[in-house]
Structures are given as structure tokens and as C-alpha cells.
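Derivation of every value follows stated rules applied to the coordinates shown; laboratory data play no part. This is a predicted model, so every value here is computed, not measured. Cβ sites come from the backbone with ideal geometry, for glycine too, and all protein chains shown count toward neighbours.
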Amino acid sequence: MDVFTLVRHLRLPPMRRRTRWLLIVLTILWIGSVALAWWWSANWASPRLAGLTAENTRLREQTRQLDELRQRVATLKRSDDISRAANQELQTSLSERDEEVSALRADVAFYERLVGTSGQRRGLSVHSVKMDQDANGSWHYATTLTQNLNRGKISQGDLTLQIEGAKAGKLQTLEWNDLLQKHDAPAQPFQFRYFQKVEGSVMLPPGFTPHRVRVYLRSEGTTIQQAFPWSDALSGEVAAPEAGKH
């Protein structure tokens, strides 16, 4: 029995029949809307939902990879910082070792000259000259004198300096009086058996560029002079000096 036959047999009053018809129509419309919603979901929503799910999965994977890359970058940065610090420490250590080696070589050269190794014995001579600028603008000099020709003999005399250079494009030589800024400045005395360091301070005029330090030793009526390049005097290195005696 269909719906219409059922309505005829019920023999409902007109008002109730209209209400029943309205309910039937609403029921049919609801069923149709459910069917339409299912059809739309099956044909449109489900594919898009699958696409969104795949996109979400892809975004999660990219986020994971990005986090891994960030972690690797942080690890590499820490490793680079550690390597830089280790390299800097190594460079500092090597620099300190180089300075120690240079100092030891200077000591070896000094003592070799002092004891006269390989049968080489020398009389009074200048082993090295070291120039350092003081805070007040003056220059502190330290000259090391040696002799090993006669180990029982006491060497004595006096020392003066002469500095050669240039000023305003012209060669200029500063004598002992110029360096001490004093007329008839007395020479610096020395007296030793094996070696002695003679120190003092001198002044250089503004604009003067030094090129060479010349040391004069006067002892027993003889004058010995030795010249050292200014660069060697600044570093304190023992160079092969230009020597002379008169």
C-alpha cells in the first residue's frame, strides 16, 4: 500500500489531512536533502578533504625537515665556534713558542760569543742593542757588551751612541750631545770582566726617522764602533754588525 492509498483509507478530517501531507512533504524534502548532502560529500568534499589531509601531512614533513636543518645549523655553528677558539689558542701558543725560540736563540748566540765557541775569541765588542720608546717620548737603550779574548782581564772605558736617519727628506746624524740634549754630555762608563748591560735614555727630535744605531766604545786608547740597523735595534735581534776600530 502506497502513501496515497494510506491517506484515503485514514479518512482524516481535511485539516488533519493537510497537516499529514505537510509532514509527508517535509519528510521527503529531508530525505532528499540528506541524499544531496551525501552526494555532495562523496563528489566534492571527500576529494578536497583528502587533498587537505595530504597537504597537512606534507607541511608536517617540511616542518620536521626544517627543525632538523635548524638543529644541524646550530650544531655546525657550535662546532665552528669551537674550531675558531681552538685555532686562536693554537696561534697564540705558536706565537709564544716563536718568541721563546727567538729568546733562546739570542741567549745561545750571546753565550757562544761569551765563551768563544769553535775557537773564536773576541775582544771588547757590542753583542746587541735594544731600543724601546718610553711613555714620555724618550727612547730607552740597552747595549750588551762582551769580551772573551782575555777572561781574566777587566774591560773598562766609556760608551756613546750615534743615531743616523733622515728629517724633512734630508740625511741627518744625531751625535751623543744631540741625543742627550746637553752640551759636552759625558760618556757612559762601563767596567766588566765577561759581559755588562749598559742602559740609558736618549731623545729624538720630532719628525726624525732613524735608520741606524752606531755604538762607540773607547777603551785603553782605542775606539771601537759597531752599527746596527734600526729594525734590529727595535726587535733586539743580534745582527751581524758593521764593526770598525781606530
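Summary table
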read-out: Dmax and Rg, reported as Rg then Dmax, of segment 133-185 (C-alpha, Å); value: 15.6, 49
read-out: For residue 201, distant residues with modelled amide H under 5 Å away; value: 141
read-out: Estimated D of segment 122-245 in µm² per second, where Rh is the Kirkwood radius over Cα pairs and Stokes-Einstein applies at 25 °C, 0.890 mPa s; value: 165
read-out: Contour excess over end-to-end distance, with Cα ends at residue 158 and residue 70 and 0.36 nm allotted per residue; value: 24.3 nm
read-out: Residue 93-residue 199 pseudo-label distance in nm [points 7 Å out on the Cα-to-Cβ vector]; value: 3.3
